[in-house]
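One structure is given here, and the rest of the page talks about it.
Nothing in this text is a laboratory measurement; each read-out follows from the coordinates by a stated rule. Owing to the predicted nature of the structure, the values given are computational and were not obtained by experimental measurement. When we count neighbours, we look across all protein chains shown, and the Cβ atoms used for this are built from the backbone with ideal geometry, even at glycine.
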Amino acid sequence: MTIDAYLAELERSLPRVGRNRALREAREHLRDAAARHREAGASDHDAEAAATNDFGPVDEVALRLSAELAVRQTRIASAAAVGVSVAAAVIIATVVYVDAEESRSAPTPVLIATRTIEAGTPGMILAGREMYAPTTLPKSEVLDGAISDPSFLRGRTTAIELLPGQQLTVADFHP
Amino acid sequence: MNDRLRGHVDVLLLSALQAGPAHGYRLAEIVRERSGGSFDLPEGTVYPSLYRLERRRFVASRWMTVDGRRRRVYRLTAGGTAELERQRSEWREFTRAMEAVVT
């Protein structure tokens, strides 16, 4: 795959917030990687193909990037709402309307089990054996206490058995 | 080997940054070189990890001109150094326990 084709496909899969930066970094990275392959004797076409192959399957990279960028987008939206509330309290009383339907469908990062996880499994084992994967779900489908940050699992163990496809929540782990 | 690494990319990148500020491509190179080629992750996976580390204030980044091109360069923060030491300690304990059981 050419670098341009790879980035075009990546761009279609990423959320708006942070997308430009991610694409710019990916482009520079792929240019470096292609240059390395050309120095090793590859043609321009083969060098770009090798570079995009080394970067990873575009759907896998997009999934992992989207999970991180979605967290940033959610936090920026929250910070903006707080800022608006503070300004309103200082100047005049205003009311902030939230589009309930848009809020319910907002892509929200979660971790889901990729295989059966026995009770008592340490978080480090979950990470080392790829027993979970990050994904995004509509906000209306995200369970209370759903975990989005893998670092939460460090030092914790599962309290119950988890089945493939199940969202990981705080309640599923011993404190 | 590489499948087991996916859960440890964060600590690999924090370790690579101890040598000094670097952009994502260089960090992927450092991990590959230091491991003698054993750790050859899909290079695109470094960026979700870097964004997560930055969100948690373990690394900071800014655009800089490197070799005539604009690059996002990352550096370790004080919090990142502390987190790296904590993870190293955790890893040493984990490997000690594993070796005690499996060897």
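Could you order the peptides A:12-18, B:35-41 from most to least packed, using the average number of other C-beta atoms within 10 Å per residue?
A:12-18, B:35-41
Using +1 at the C-beta of Lys and Arg and -1 at the C-beta of Asp and Glu, which of A:17, A:33, A:43 has the Cα lying farthest in the positive direction of the dipole of region A:5-54?
Going by the Cα projections, it comes out as A:17.
Tell me which residues come under 5 Å, amide H to amide H, from residue A:108 once H is placed; ignore anything under 5 positions away on its chain.
For residue A:108, the qualifying residues are A:137, A:139.
Work from the charge dipole of region B:19-93 (Cβ charges, +1 for Lys and Arg, -1 for Asp and Glu, about the Cα centre) and give the residue of B:37, B:65, B:25 farthest towards its positive end.
B:65
Return the average number of partner chain Cβ atoms within 10 angstrom of each residue Cβ along peptide A:22-31.
Details: counts 5, 0, 4, 13, 5, 0, 8, 12, 3, 2.
Averaged over the peptide's residues, the number is 5.
What do you get when you divide the Cα radius of gyration of region A:136-175 by 2.2 N^0.38 Å, with N the number of residues?
Working: Rg = 10.4 Å, N = 40, 2.2 N^0.38 = 8.9 Å.
Region A:136-175 yields a ratio of 1.16.
Out of A:174, A:143, A:155, whose Cα points farthest toward the positive end of the dipole of region A:117-175 (charges: +1 Lys, Arg; -1 Asp, Glu; placed on Cβ)?
A:155
Rule-of-thumb check for chain B: C-alpha Rg over 2.2 N^0.38 Å?
Values: Rg = 14.6 Å, N = 103, 2.2 N^0.38 = 12.8 Å.
Here the Cα radius of gyration is 1.14 times the empirical estimate.
State to the nearest 20 debye the size of the charge dipole of chain B about its Cα centre, where the only charges are +1 on K and R beta carbons and -1 on D and E beta carbons. Intermediate values should be presented prior to the final figure.
Details: 19 positive and 13 negative charges, 104 e Å.
For this selection, approximately 500 debye.
Can you name the helices of chain B, as whole DSSP H runs, whose Cα span along the helix axis is 18 Å or more and whose Kyte-Doolittle mean is not below -1.0?
Values: long enough: B:78-102 (36 Å, -0.75).
Helices passing the filter in chain B: B:78-102.
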